[in-house]
1. Which one of 63, 39 is within 29 Å of residue 7 (Cβ to Cβ) and at pLDDT 80 or above?
2. May I ask you to list the residues in region 57-75 that are under 14 Å from residue 33 (Cα atoms) and either touching a residue at least 12 places away in the same chain (Cβ under 8 Å) or assigned to a loop (DSSP other than H, G, I, E, B) (or both)?
3. Here are some conditions: (1) surrounded by fewer than 15 Cβ atoms within 10 Å (Cβ to Cβ); (2) in a strand (DSSP E or B). Residue 21 meets all but one. Which one does it not meet?
4. Just for region 28-45: of the residues that are surrounded by 13 or more Cβ atoms within 10 Å (Cβ to Cβ) and free of Cβ contacts under 8 Å to residues at least 24 places away in the same chain, which one is farthest from residue 92 (Cα to Cα)?
5. From the list 82, 89, pick out the single residue that is modelled with pLDDT under 90 and in a helix (DSSP H, G or I).
């Protein structure tokens, strides 16, 4: 990488945050995490899938690729709420379904 590489990358992805209106994004270098909170599973699913679709459109416009093997979904909540939820949160982008994890390994 060049000295200007990180700055040019930030300029390149500057409009990414504008397309995510149902979730809260967190960017670090070239990694992006999106967070969403909702009272029920249906609304949570709707919010995440809405912004995953927007993200897919942004990737296409910017000639970038999504890497499904690097995408993870994880529930965070109280023990009670996690017990009553099932693991079938249908998060989909570009016809790829993502598995829900109870925990993610630290890499």
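The values are calculated or read from the model by the stated rules, or taken from the named source; none is laboratory data. Remember, predicted model here, so these are calculated numbers, not experimental data. No Cβ is skipped: glycine too gets one built from the backbone with ideal geometry, and neighbour counts run over all protein chains shown.
1. Details: 39 fails: within 29 Å of residue 7 (Cβ to Cβ).
The conditions single out 63.
2. At the first step, the residues of region 57-75 found to be under 14 Å from residue 33 (Cα atoms) are 66-68, 70-75.
Of everything in region 57-75, those that are under 14 Å from residue 33 (Cα atoms) and either touching a residue at least 12 places away in the same chain (Cβ under 8 Å) or assigned to a loop (DSSP other than H, G, I, E, B) (or both) turn out to be 66, 67, 68, 71, 72, 73, 74, 75.
3. So residue 21 meets the others, but not (2).
4. Narrowing region 28-45 to residues surrounded by 13 or more Cβ atoms within 10 Å (Cβ to Cβ): 32, 34, 36, 38, 41, 43-45.
Filter again for free of Cβ contacts under 8 Å to residues at least 24 places away in the same chain, leaving 32, 34, 36, 38, 43.
Details: 32: 16, 34: 14, 36: 15, 38: 18, 43: 15 Å.
Looking at residues that are surrounded by 13 or more Cβ atoms within 10 Å (Cβ to Cβ) and free of Cβ contacts under 8 Å to residues at least 24 places away in the same chain, I get 38.
5. On the way: 89 fails: in a helix (DSSP H, G or I).
Just a single option satisfies the conditions, and that option is 82.
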